[in-house]
1. Under 8 Å for C-alpha pairs, at least 6 residues apart: give me the relative contact order for region 252-307, rounded to a whole percent.
2. 7 Å from Cα along Cα→Cβ at both Ser315 and Lys431: what's the point-to-point distance in nm?
3. What lysines could a cross-link reach from Lys168, if we take a straight Cα to Cα line under 17 Å and drop same-chain neighbours fewer than 8 places away?
4. Given a Förster distance of 30 angstrom, what is the FRET efficiency for Lys372 paired with Lys461, based on the Cβ-Cβ distance and rounded to 0.05?
5. Let me make sure I get this right: for region 323-515, a, b and c are the square roots of the gyration tensor eigenvalues over alpha carbons, sorted descending. Under 1.5 in a/c it's rounded, otherwise prolate if a/b > b/c, else oblate. Which is it?
6. Quick check: net charge around Asp571, other residues with Cβ under 15 Å of its Cβ, Lys/Arg +1 and Asp/Glu -1?
7. If you find the alpha carbon centre of region 200-248 and of region 250-306, how far apart are they in angstrom?
8. Please report the relative contact order for region 520-702, taking Cα pairs under 8 Å with a sequence separation of at least 6, and give it as a percent rounded to a whole number.
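Rule-based calculations on the coordinates, nothing more; no lab input. On a predicted model such as this, the values are computed, not experimentally measured, just so you know. Cβ atoms come from the backbone with ideal geometry, glycine included; neighbour counts cover every protein chain shown.
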Amino acid sequence: MKAYSLLGPPGFTRQLAQRTKRVSNNRSTVCRPQLGRAATGSGAAFCSHSSSRAKYSLVTRAAASGADADLDGDLELLKTESSPGPRLQPSERVLKLWRKANAVCFDVDCTVTVNDSLDLLAEFMGCGGLVAEVTNKAMDGSMNLEQALEERLRIINCTPGDIKRFIKAHPPGSRLVPGIEGLIKALQARGIAVYLISGGFRELTLPIAKHLGVPKENVFANRMNWQWDDETGEPSRLVGFDSSEPTAHNRGKPTAIARIRQRNPYNTIIMVGDGITDLEAVQVTGGADLFIGFGGVVERSPVAAEADWYVYKYSQLIEALKRYTVAMIGSGAWACAAMHIVAQNCLAYDEADEFVDEVRMWVYEEEFQGSKLTDLINSKHENPKYLPGISLGENTVADPDLESTVRGADILIFCAPHQFIRSMCKQLIGKVKPEAFAISLIKGMRVRSDGPQLISQLVAKYLALDCSVLMGANIAGDIGREQLSEAVIGYANPEHAKVLKKLFETRYFNITLLPDVAGAEMCGTLKNIVALAAGMVDGLGLGPNSKATIMRQGLSEMRGFSKALYPTVRDETFFESCGVADLIATCLGGRNRLVATEYTRASLSGSPVSFEQLEAELLKGQKLQGVLTSNEVQEILKQRGWEAEYPLFTTVNRIVSGYFPPTDIVNFKEVPSRPIPSEDGDLSDEELAARRPRPLATAEATA
Ligand SMILES: NC(=O)c1ccc[n+]([C@@H]2O[C@H](COP(=O)([O-])OP(=O)(O)OC[C@H]3O[C@@H](n4cnc5c(N)ncnc54)[C@H](O)[C@@H]3O)[C@@H](O)[C@H]2O)c1
Ligand SMILES: O=P(O)(O)OC[C@H](O)CO
């Protein structure tokens, strides 16, 4: 890369730089016009304004050959320096600013393919050559901006009718830069204000703004002054322009941006342009926060060299607006059903297109029918073991490596059986983006020596992330088959909640936002205990009255226990999908209910089977959460002396621990007051072993 610094009067050096670049016809040459003398040792060409144009050829030839040149006299190319060239890849800082912009200001010349509408109007009026000469004078600094505008208008001397005809002959839609409409729509859909700033005239800019959907109050440009016809009361003759507009003067663009700031509470304003006057927007205090150079219409080397980010296509800016890379941690039945929705939503195009298409999914690697589960998912786009027949989407990428799954992710979805989460979070410490946020779909809790810990709290503690929860009547298979369903997102951070709603909501899956993380999560966790009781009732062959009794009692204990642990939990939460609706769904059709039903039947038949065995036989790799949760909750009840206050929870735990037969579920009111049979007395070893679920310690050890 050769870079030449040209010293001299700004207009002249700028023009010289452009010509040098053009002659060198080489993108790896950068010419920077600079004022004053360069520091000793830096590459510089000095040209006084009076230096003859003949000297151009010397400079341009030197640039074209990439050679150093040492010219005498007042045009002196001292030597070359190396430069990294335009920044074609945005830095982290630039990307962040682009994504958090409140307003984006476009130089209007970067929205239409013909760079200067006034020159185009001059051509239309048949005076293109004359006007171009004046434009050149402004470029080489021999005429100031205001004088040049005045002179160009004087030559053009058009009427309002001429302008109308001109717009008709060159409608904005016929000369838009590809991608500009999509970019402006994408920005506006995100609530980012769009402005057009032009050194040209409102009369020519407003039709472009209208076509692009930019409101006219967001257009900064000069205004033509008209002589009004006394007879018709209509404007008739052009008599100059209103020089009070900021764009009529040097540094007009930063002045316009300063005005935008005065009128709006914007933190971040971006200027997109292709000229030195656009670049000035970031060089003045109060101007733009970032300058993005656009080379899709005209490429000006000094602008390219100084831009914070230089792009040739607007699609690059649209792509970079996609803020959220999503990662799914888990690949069981619910993780796959949720992925069916999430992957579609990430791929779906809407104007606010906020999600990166590809979603990585962490898969606990297993062999299935002789192949690796990850390979099967990546080739067939479904998980044949945990949710066969349901597409995960071609944009889902299964990854057996937890750390690479979350690398670069902005949103982490946790959906694995709760007993494995702690060890997974420990592994991820320091591996997730600090500004990422999380959502847990997990129904379960952890009990530590100092008390309970919700999974959302565990994620927040280990990974320092805000963690919302998604809970509801959500039986995985039915959602995979796109049956109507709903859930709540319990949140603490409303901004995150809004994004998460977009990520999960779909035609058949409604999301309600609920500012009660603990309430929603406690509901999802505790209903699994009640589902075991409901399964026992089914196993006993009892009818709906008995089941309804169990469910009502269960709901009441869920509410009491949740509020006793977390006093901020709201009563309304129990009437949402995560409360009563999930309780109904899980007690009618969930896995906990199924396994408890079979446990009860086996027990009644005189051939008891353990929960562990039934889990393996009936669920084929899926995990039963209710028994673990019952043990965890019971530990808290015991610690706090609350067992008698939660008779259904306690009875379920006595049954799944093998102390009482499942027939005792109907005696839940008095079971807690009964003495617990001693292990070596009242029950045979086989009976106890068969009835006892896998102890909690074993499950934790697996993790
Ligand atoms: N299945 C549902 O209908 C449903 C609905 C709503 C919520 N949930 C909740 O979602 C959570 C996840 O359940 P799911 O249905 O996606 O899973 P699942 O029960 O269908 O499958 C078990 C998963 O655990 C994985 N696994 C096995 N051993 C592991 C280990 N040592 N470490 C890590 N992972 C291991 C398996 O590979 C599999 O992906 C649970 O908290 C559950 O309560 C489930
Ligand atoms: O199959 P279960 O009993 O784990 O319940 C599944 C879901 O949690 C129902 O919402």
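1. Working: 83 pairs, mean separation 20.2, N = 56.
So the answer I get is 36 percent.
2. For the pair Ser315/Lys431, the computed spacing is 3.5 nm.
3. Partners found: Lys210.
4. Details: r = 33 Å, r/R0 = 1.10.
The computed FRET efficiency comes out at 0.35.
5. Details: a/c = 1.36, a/b = 1.12, b/c = 1.21.
It is rounded, given that a/c, with a ≥ b ≥ c, falls under 1.5.
6. Values: positive: Arg559, Lys563, Arg570; negative: Asp516, Glu557, Glu572, Glu576.
So the surrounding residues net to -1.
7. 22 Å
8. On the way: 242 pairs, mean separation 47.4, N = 183.
Reported as a whole number, the value is 26 percent.
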